[in-house]
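Student: Quick one: structure below, then a few questions.
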Amino acid sequence: MKRTDLAFLKELIEAPSPTGWEKPAADVLRARLEGAADEIRVDTLGSVHAYLRGSDPQAPSVALAAHIDEVGLIVSYLSPEGYLSFAALGGVDAAILPGLRVDVHTTDGPLLGVLGRKPIHLIEADDRKTVTALEKLFIDVGLPADEVKKRVRVGDPITIHAGLERLGDDLIVSRALDDKMGAWIAARVLEELKAAGGAKSDFWCVGSVQEEIGMRGGATSAYALDPDIFIAVEVCHATDYPDIDKRSHGEQIVGKGPVFGRGPNIDHALLARLEQAARDEGCDYQLGVEPRATGTDANPAQLARGGKMTALVSIADRYMHTPTEVVSLADMESCVKILTRFVLDLDNATDLSA
């Protein structure tokens, strides 16, 4: 991966964007695409819509969407001693929280804090066998109580204090790869289309918001943009590490290519064209079973207006919704190639019947 592209990914990942507070990530995405997109808009909810005009009005239009929100926490109570209680923003695993460092995003800027609980020496033997509930944890920002109450307000969002690093030869580790990594892919596809002289199809790169609490930005974006084709770019659960039952969760391997969803939320013709694009580009890919509505923006998009042709392209992600999510850079770059080829191959003669 080019150094500039990796730097863009790192900036996007590390921009704090817990659900409902996505503007920092949106600003990074907008700044990157300012010179490539024909138009960039931010909708009422905060989703970014970067538009690249196609050369053929009769070619099917395409939206490539990835959410820019991340799971996080939110301040719910300030104790008289100056400790913070909190609630979850999205699907937060309480088991991983004790001992983490966090950033509390106040009006005056971020405050470093630590997630505390009683040390193991002081926990009753039976309680050591269970996960400490969120309401039993607290955040210590290291300030006197009166100073805490001046600087912190109930409702301030919180992110985990962890950034992007290289892991081994091809992997990266970070919080929030779900799904700002997908937004990086969508942005890179727009750039590649621009470099190729544009596509015949109208194209939108969508950085959607509030996916983690109900796919809200995906729903409003699909309705407002009204594309013929809506493809969600996401992460899926890697199953290549210990204690994952592949009989229950399938086989998705980090480094073996993007994963194309297959199931009732996925249009069969789009899947066939994605597979052909992968073959044409010489890229490996995997199939993932989605037996019901997916927990992605493809779900509300499929039902927008009179219904949309939807597809789901994912990158296998180890340890999802933790500060140490792991994905392959090669998988991401292959995904850019495949999706770019997919869009470039669309024209007014494209048969999308299945």
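Student: In segment 283-354, which trypsin sites (Lys or Arg not before Pro) fall in coil by DSSP and have 12 or fewer other Cβ atoms within 10 Å? Intermediate values should be presented prior to the final figure.
Tutor: Numbers: sites: 292, 305, 308, 318, 337, 341; in loops: 292, 305, 308.
Here the trypsin sites (Lys or Arg not before Pro) that fit, given the DSSP loop and packing criteria, are 292, 305.
Student: Kindly state, to the nearest 0.05, the FRET efficiency for residue 118 paired with residue 150, given R0 = 30 Å and r defined as their beta-carbon distance.
Tutor: Details: r = 28 Å, r/R0 = 0.93.
In this case the efficiency is close to 0.60.
Student: How many nm separate the modelled label positions at residue 27 and residue 107, each set 7 Å beyond the Cα in the direction of the Cβ?
Tutor: The modelled label-to-label distance comes out at 1.8 nm.
Student: If you don't mind, there's one more thing I want to ask. Using the Karplus curve 6.51 cos²θ - 1.76 cosθ + 1.60 with θ = phi - 60°, what ³J(HN,Hα) values do you get for each residue of segment 75-92, in whole Hz, with x for Gly and Pro?
Tutor: 5, 10, 6, 10, 6, x, 8, x, 8, 9, 9, 8, 10, 8, 9, x, x, 9
Student: Where nothing but the Cβ of Lys and Arg (+1) and of Asp and Glu (-1) is charged, how large is the charge dipole of the chain around its Cα centre, in debye to the nearest 20?
Tutor: Values: 37 positive and 55 negative charges, 66 e Å.
Roughly 320 debye, rounded to the nearest 20.
Student: Let me ask something additional. Which value, in Å² rounded to 10, gives the accessible area of residue 236 with a 1.4 Å probe and all protein chains present?
Tutor: Accessible area of residue 236: about 20 Å².
Student: For residue 234, enumerate residues with amide H under 5 Å from its amide H, sequence gap 5+ or separate chain, H modeled in the peptide plane.
Tutor: Answer set, sorted by chain and number: 313, 314, 315.
Student: What figure, in Å² to the nearest 10, do you get for the accessible area of residue 161 with a 1.4 Å probe and non-protein molecules left out?
Tutor: 100
Student: Counting each DSSP H run of 4 or more residues in the chain as -39500 (n - 2.57), what helix-only mean residue ellipticity at 222 nm follows after dividing by all residues, to the nearest 500 deg cm²/dmol? Don't jump to the answer; show the numbers that get you there.
Tutor: Details: 9 runs with 98 residues, N = 354.
Roughly -8500 deg cm²/dmol at 222 nm, from the helical runs in the chain.
Student: Taking a probe of 1.4 angstrom, what is the accessible area of residue 244 in Å², to the nearest 10?
Tutor: About 50 Å², rounded to the nearest 10.
Student: Between the DSSP loop rule and a limit of at most 12 other Cβ atoms within 10 Å, which trypsin sites (Lys or Arg not before Pro) in segment 1-46 are left?
Tutor: Working: sites: 2, 3, 10, 30, 32, 41; in loops: 2.
Here the sparse-neighbourhood loop sites are 2.
Student: Of the accessible area of segment 6-82, with the probe set at 1.4 angstrom, what percent is carbon plus sulfur?
Tutor: Details: 1620 of 3130 Å².
The value for segment 6-82 is 52 percent carbon and sulfur by accessible area.
Student: Another question about this same structure. Under unit Cβ charges (Lys, Arg +1; Asp, Glu -1), what dipole magnitude, rounded to 20 debye, does segment 1-113 have relative to its Cα centre?
Tutor: Numbers: 9 positive and 16 negative charges, 50 e Å.
It works out to roughly 240 debye.
Student: Dividing the alpha-carbon radius of gyration of segment 292-333 by 2.2 N^0.38 Å (N being the number of residues), what value is obtained? Working shown, then result.
Tutor: Numbers: Rg = 13.7 Å, N = 42, 2.2 N^0.38 = 9.1 Å.
For segment 292-333, the normalised Cα radius of gyration comes out at 1.51.
Student: Could you give me the radius of gyration and the Dmax of segment 173-248, taking only the C-alpha atoms into account and expressing both in angstrom?
Tutor: Radius of gyration, then largest Cα-Cα span, for segment 173-248: 15.6, 47 Å.
Student: Okay, moving on. Would you kindly calculate the translational diffusion coefficient of segment 216-354, applying Stokes-Einstein with the Kirkwood radius from alpha carbon pairs, for 37 °C and a viscosity of 0.692 mPa s, and quote it in µm² s⁻¹ without decimals? Please report the intermediate quantities before stating the final value.
Tutor: Values: Rh = 15.5 Å.
Calculated translational D: 212 µm²/s.
Student: Excluding residues on the same chain fewer than 8 positions from residue 136, give the lysines whose Cα lies under 16 Å from its Cα.
Tutor: Cross-link targets: 118.
Student: Using only the Cα atoms of segment 1-148, what do you get for the radius of gyration and for Dmax, in Å?
Tutor: In Å, with Rg to one decimal and Dmax whole: 20.7, 69.
Student: Then there's this: Grab the beta carbon distance between residue 248 and residue 34, set R0 = 51 Å, and tell me the FRET efficiency rounded to 0.05. Walk me through the numbers on the way to the answer.
Tutor: Details: r = 45 Å, r/R0 = 0.87.
So the FRET efficiency works out to roughly 0.70.
Student: Could you tell me which residue out of 283, 329, 304 lies farthest along the dipole of segment 268-336 toward its positive end? Charges go on the beta carbon: Lys and Arg +1, Asp and Glu -1, centred on the Cα centre.
Tutor: Of the listed residues, the answer is 304.
Student: Where in the chain is the longest stretch that carries no GluC sites (Glu not before Pro) classed as loop by DSSP and with at most 11 other Cβ atoms within 10 Å?
Tutor: Numbers: sites that count: 34, 81, 124.
Formally, the longest exposed-site-free interval is 125-354.
Student: Ok, one more. Could you list the square roots of 5 times each eigenvalue of the Cα gyration tensor of segment 1-66, that is, the equivalent ellipsoid semi-axes, sorted largest first and rounded to whole Å? Intermediate results must be reported in sequence, preceding the final value.
Tutor: Numbers: eigenvalues 111, 56, 19 Å².
Taking √(5λ) for each Cα gyration eigenvalue gives 24, 17, 10 Å.
The values are calculated or read from the model by the stated rules, or taken from the named source; none is laboratory data. As the structure is a computational prediction, the values presented were derived from the model and not from experiment. When we count neighbours, we look across all protein chains shown, and the Cβ atoms used for this are built from the backbone with ideal geometry, even at glycine. The accessibility values were calculated without ligands, DNA or RNA, using every heavy atom of the protein model including side chains. Shrake-Rupley method; radii C 1.70, N 1.55, O 1.52, S 1.80 Å.
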